[in-house]
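To start, the structure itself, in structure tokens.
The values are calculated or read from the model by the stated rules, or taken from the named source; none is laboratory data. Here the structure is a predicted model, which means the values were calculated and not measured. Ideal geometry is used to build each Cβ from the backbone, glycine not excepted, and the neighbour counts take in all protein chains shown. Only protein heavy atoms, including side chains, enter the accessible area calculation; ligands, DNA and RNA are left aside. Shrake-Rupley method; radii C 1.70, N 1.55, O 1.52, S 1.80 Å.
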Amino acid sequence: MTRYSKVAMTLHWLMALMIIGNLAGGFLHDFIPRGSPERAFVMGLHASFGLTLIALTLVRLGWRLANPPPPLPAYFTGGERLLAKAAHWAFYIAMLAAPMSGLLMAERNERPLLYFFAVEVPKAGIGKPLAQTFNEMHEILGWAMLALLALHIVGIIKHLVMDRDNLMPRMGVGKPRA
Ligand code: HEM
Ligand code: HEM
């Protein structure tokens, strides 16, 4: 077995797309004028995709625990194995914590929190000061996720260039080695 399952691959790429979109929306929405409908639209999508990610992460974790991933290539050193595992689990933690902190900070303002502009999502009732703390956590988690993504990509490039090993087919991109 050299590849992840079809389910794992589909969830990986679907969620990667949504998370990268959310990182972009989160970090770049300040360039859109405050109070404009465009900004409300971007952040409405940001919150909705974020809430969807909570559910998808739970499904993905369940799948991951029931379906062990393909073993890492034999040449990986002990340190590389540890780093890859730590980075992957840190990603899973961030994939839950980032959107959860987003949900918990929603109480900072009086606007209703709408799922895809339609269904009102109840707020947690934790009060404004705590919501403000979650806002700060949300920003830190955004940066942490960006750093993990950079590490993830640097790792893939390292194996491609230094070990002449393309890991992408393991995640369904390109043909696996014979
Ligand atoms: C924010 C976006 C992303 C997240 C959250 C993410 C998360 C993860 C996680 C958690 C795993 C480990 C899966 C497991 O063992 O359970 C993984 C594996 C992998 N990811 Fe990503 N990923 C992201 C973006 C990307 C991108 C942009 C690429 C390609 C450039 C990529 C390529 C891969 C590959 C090739 C593997 C398999 C690694 C192996 O050989 O075991 N990922 N990703
Ligand atoms: C994986 C999911 C998510 C990621 C990666 C993410 C990421 C980010 C990032 C990087 C920022 C910019 C932080 C800053 O520089 O101040 C941000 C802002 C924001 N996020 Fe998220 N977010 C996610 C989910 C959510 C969810 C579920 C909600 C609400 C239910 C939400 C609501 C917001 C709001 C309202 C802001 C604007 C904060 C401000 O302008 O002070 N986010 N997000």
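Calculated [222 nm] ellipticity per residue, helices only, for the chain: -23000 deg cm²/dmol; basis is -39500 (n - 2.57) per DSSP H run with n ≥ 4, divided by all residues, nearest 500.
Pick out, in residue order, every one of the trypsin sites (Lys or Arg not before Pro) in segment 1-110 that is DSSP loop and has at most 15 other C-beta atoms within 10 Å; say none if there are none.
On the way: sites: ARG3, LYS6, ARG34, ARG39, ARG60, ARG64, ARG81, LYS85, ARG108; in loops: ARG3, ARG34.
Passing both the DSSP loop test and the Cβ count: ARG3, ARG34.
Computed in the context of the full set of protein chains, the accessible area of the chain at 1.4 Å probe radius has 73% of its extent on carbon or sulfur.
The overall shape of segment 22-70 is prolate: from the C-alpha gyration tensor, with semi-axes ordered a ≥ b ≥ c, the ratio a/c is 1.5 or greater and a/b exceeds b/c.
Kindly point out which whole DSSP H helices in the chain project their C-alpha atoms 20 angstrom or further along the helix axis while averaging a Kyte-Doolittle hydropathy of 1.0 or above.
Working: long enough: 6-28 (33 Å, 1.42); 37-66 (43 Å, 0.94); 78-104 (38 Å, 0.81); 128-162 (50 Å, 0.95).
Length and hydropathy pass: 6-28.
How compact is segment 88-164 by the rule of thumb for globular proteins, expressed as Cα Rg over 2.2 N^0.38 Å?
On the way: Rg = 16.9 Å, N = 77, 2.2 N^0.38 = 11.5 Å.
Taking the Cα Rg and dividing by 2.2 N^0.38 Å, one obtains 1.48.
Exposed loop sites here are chymotrypsin sites (Phe, Trp or Tyr not before Pro) assigned a DSSP state other than H, G, I, E or B and surrounded by at most 14 other beta carbons within 10 Å; excluding them, the longest clear run of the chain is 1-74.
The aspartates and glutamates within cross-link reach of LYS123, meaning a Cα-to-Cα straight distance under 12 Å and a gap of 8 or more places when in the same chain, are GLU107, GLU110. Within the full protein context, the accessible area of HIS46 is estimated at about 30 Å² for a probe radius of 1.4 Å.
Largest GNM mean-square fluctuation among LEU114, LEU65, LEU56, using the chain with Cα springs under 10 Å: LEU65.
Compute the orientation-averaged projected area for the chain from the convex hull of its Cα atoms and round it to one decimal in nm². Numbers along the way, then the final one.
Working: hull surface 48.3 nm².
That works out to 12.1 nm², a quarter of the Cα hull's surface.
Rolling a 1.4 Å probe over the protein heavy atoms leaves LYS128 with an accessible area of roughly 100 Å².
Among the GluC sites (Glu not before Pro) within segment 76-130, which fall in a DSSP loop and have no more than 11 other Cβ atoms within 10 Å of their own Cβ? Don't jump to the answer; show the numbers that get you there.
Details: sites: GLU80, GLU107, GLU110, GLU120; in loops: GLU110.
Answer in residue order: GLU110.
Near the amide H of TYR115, within less than 5 Å, lie the amide hydrogens of GLU120, VAL121, all on another chain or at least 5 residues away, with H placed in the peptide plane. The mean accessible area for residues of segment 6-171, using a 1.4 Å probe and ignoring ligands and nucleic acids, is 60 Å² per residue. Ligands, DNA and RNA aside, ILE32 has an accessible area near 40 Å² when probed at 1.4 Å.
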